[in-house]
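The values are calculated or read from the model by the stated rules, or taken from the named source; none is laboratory data. The structure displayed is predicted, hence computed values, not measured ones. For neighbour counting, all protein chains shown are included, and Cβ atoms are generated from backbone atoms with ideal geometry for every residue, glycine included. Accessible surface is based on the protein model in full, side chains and every heavy atom, while ligands, DNA and RNA are left aside. Shrake-Rupley method; radii C 1.70, N 1.55, O 1.52, S 1.80 Å.
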Amino acid sequence: MKVRYQVNPTCLYDDAAGCDLVIQLWVTRTGLVKFCVFVVFGINWFVTIALFSLTGESLLLNRHNILESTDIFAVCFSALFALPSVRSLLPGVPGYGCALDLLGILPNMIIITLCTVFFAISRLRLRYRHRAAAAAAAKDQ
């Protein structure tokens with residue numbers, strides 16, 4: 001982070017109407033920090049799109065093997081907490097609300113939260129179907 005400053009005290013001038021102290025600060029990020037931020041931004045969107053496409057494939061195309069064999073719910077849940085922590089580890093990170101948050105972290109978190117909720121609901125429905133099928137099979141015997 002580069003910081004430049006300029007101090008302009010008006011009390012030193014004889015023709016000044018009043019006495020003011022004007023301090024101007026310019027804070028800029030280095031090129032490496034900007035590069036790291038954009039790489040993390042791209043990776044976060046890549047992970048979000050991958051989880052979203054996996055959610056769409058398993059739920060819309062009825063891929064039960066994704067829901068049964070892999071623990072995709074845990075992957076979505078861990079991504080829900082990993083993305084904000086990766087953002088907080090960036091060097092010289094500003095507070096929440098900057099443009100990259102509005103274009104990156106906020107939509108990523110909303111999409112991954114929806115994916116997690118949909119996976120949880122589908123896992124519960126699948127478990128209910130298996131229990132109902134096992135109860136019907138036991139009832140028939």
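Looking at segment 101-114, is at least one residue exposed (fewer than 12 other Cβ atoms within 10 Å of the Cβ), under 14 Å from the mean Cα position of the chain (by Cα) and free of Cβ contacts under 8 Å to residues at least 60 places away in the same chain?
Within segment 101-114, one or more residues are exposed (fewer than 12 other Cβ atoms within 10 Å of the Cβ), under 14 Å from the mean Cα position of the chain (by Cα) and free of Cβ contacts under 8 Å to residues at least 60 places away in the same chain.
Can you tell me which residue among Leu126, Leu32 is at pLDDT 80 or above and open to solvent by 70 Å² or more (accessible area, probe 1.4 Å)?
Values: Leu126 fails: open to solvent by 70 Å² or more (accessible area, probe 1.4 Å).
Answer to the selection: Leu32.
Does any residue of segment 111-134 turn out to be out of contact with any Phe, Trp or Tyr (no Cβ under 6 Å at 6 or more places or on another chain) and under 30 Å from Arg29 (Cβ atoms)?
yes
Could you check segment 71-92 and list, in sequence order, the residues that are open to solvent by less than 70 Å² (accessible area, probe 1.4 Å) and not in a helix (DSSP H, G or I)?
Leu90, Pro91, Gly92, listed by residue number.
Quick one: would you say Ala137 is surrounded by fewer than 12 Cβ atoms within 10 Å (Cβ to Cβ) and either touching a residue at least 12 places away in the same chain (Cβ under 8 Å) or within 18 Å of the chain's Cα centre (by Cα) (or both)?
Details: surrounded by fewer than 12 Cβ atoms within 10 Å (Cβ to Cβ): yes; either touching a residue at least 12 places away in the same chain (Cβ under 8 Å) or within 18 Å of the chain's Cα centre (by Cα) (or both): no.
Against the criterion (surrounded by fewer than 12 Cβ atoms within 10 Å (Cβ to Cβ) and either touching a residue at least 12 places away in the same chain (Cβ under 8 Å) or within 18 Å of the chain's Cα centre (by Cα) (or both)), Ala137 does not qualify.
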